[in-house]
1. Out of the DSSP beta bridges found with both residues in the chain, what percent are antiparallel (nearest 5)?
2. Of I4, A162, S230, which is farthest towards the positive pole of the chain's charge dipole, taken about the Cα centre with +1 and -1 on the beta-carbons of Lys, Arg and Asp, Glu respectively?
3. Considering only protein heavy atoms, what is the solvent-accessible area of M141 at a probe of 1.4 Å, reported in Å² to the nearest 10?
4. How many percent of all Cα-Cα pairs in the stretch 169-215 sit more than 18 Å apart?
5. For the cross-link pairs K85/K117; K27/K341; K143/K361; K57/K294; K7/K341; K57/K143, which exceed 31 Å when the distance is taken from alpha carbon to alpha carbon?
6. Can you give me the Rg/Rh ratio for the stretch 280-365, using Cα atoms for both radii and the Kirkwood formula for Rh?
7. Compare P152, P94, P269 in a GNM of the chain, Cα atoms joined below 10 Å, and give the one with the largest fluctuation.
8. To the nearest 20 debye, what charge dipole does the stretch 302-365 have about its Cα centre, counting +1 at the Cβ of each Lys and Arg and -1 at the Cβ of each Asp and Glu?
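The values are calculated or read from the model by the stated rules, or taken from the named source; none is laboratory data. Quick caveat: nothing in here was measured; it's all calculated off a predicted structure. Note that we place each Cβ from the backbone using ideal geometry, even for glycine, and neighbour counts take in every protein chain shown. When the accessible area is computed, the model is the full protein with side chains, heavy atoms only, and any ligands, DNA or RNA have been set aside. Shrake-Rupley method; radii C 1.70, N 1.55, O 1.52, S 1.80 Å.
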Amino acid sequence: MQTIVDKIIQLTIDIQQIPAPTFAEGKRAEFLRHLYLAENLDNVGIDEVGNLYGRIKGSDPDAAPLVICAHLDTVFPAETDLRIKRNRHLVAGPGIGDNALGTAGMIGLLWLLRDQKETPRGDIWLVATVGEEGLGNLYGMRKVVERFEDAPVAYMALEGMALGYIYHRALGVRRYRVSAKTQGGHSWGHYGRPSAIHHLAALIDELTAIRLPRKPRTTLNIGVFSGGTSINTIAADASFELDLRSESPDSLTELIDTVHQLISAANQPNITVVAEQVGDRPAGRIPSSHPLVKLAEASLMHVGVEPILTIGSTDANIPLSRGYPTVCLGISTGEGAHTEKEYIDTRYIEDGLRQLRYFVKNLWD
């Protein structure tokens, strides 16, 4: 088993070293395509949006397949320094856990099944998806579900740093790009004219003053702000990107309505403010009593890890929103996701793989 874990660690690093910002995952997909072919997976191919597919053939052609997905993309720009740092059991680097380890984990499952000379009852599709992060809006996973629809016995999303968590509820997310346009001008000569930047800054103050419920947990975040021409120019245009989330679809709808009211009120005769929807991650769930959730719990307890049922925004959102049996599981633990100090703890990779093996062995029972 240690040999397999060592191979997965190296494969994780190899994957992480290939830049893969959202909408530019091609090189990473091509690297994995060659690996899929070298591992003799069936039906290897890349679809029109960039998802990579490969199939582990099952023993029963009549059994419904399992679709396992892990996203290729990262939140980091292509020019990010991807150098790795290692310290005993820790491996650090941008995107190492989210989601280089997740994608490597799919191959790790293949290696473990072969090492144990085990053939799953049904086919297992290993799908490396695009567009999971940022403004990708899960477009890769949408295409996967469009391809398989309700045929699979289950969908599973893999995340590198989520070992111990079972995501069986999908967090609803709505995203907007809010823009302001005005005449602009010289900071001295045209002083007094409205500034798009000043105007949006005031709007942001109003948005962040909205009282958000803690139960159900509901959040608002402005993650990107841009605009202006120079330090001595009254900004003629500016924009920010807004992320809204809630555990409750009703609370999310209420927040969206409040945000739209504030944006509408921000319009004035000499300045125009508009909101463009740039993301919609639908909510969904299967109950904690669902057999798939119970199997995921048993798989974690089998390796001595206490399961935690939770909610999140992952590739699993799409099949969950359509009522298909789906969970998202993890390969190991780590910290610092979406920061350049991200790291994984390699001591728990073996548990993550054994969890997946138990899940697969008992899925078709």
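1. Details: 52 of 74 bridges.
If I count the DSSP bridges inside the chain, around 70 percent turn out antiparallel.
2. Positive-most Cα among the choices belongs to A162.
3. Counting only protein heavy atoms, M141 exposes about 0 Å² to solvent.
4. Numbers: 558 of 1081 pairs.
Summing the P(r) of the stretch 169-215 above 18 Å gives 52 percent of all pairs.
5. Values: K85/K117 35 Å; K27/K341 23 Å; K143/K361 27 Å; K57/K294 25 Å; K7/K341 23 Å; K57/K143 22 Å.
With Cα atoms farther than 31 Å apart: K85/K117.
6. Details: Rg = 14.1 Å, Rh = 14.2 Å.
With Rg and the Kirkwood Rh in hand, the quotient comes to 0.99.
7. Per the Cα network of the chain with a 10 Å cutoff, P269 tops the list.
8. Values: 6 positive and 9 negative charges, 55 e Å.
Dipole of the stretch 302-365, to the nearest 20 debye: 260 debye.
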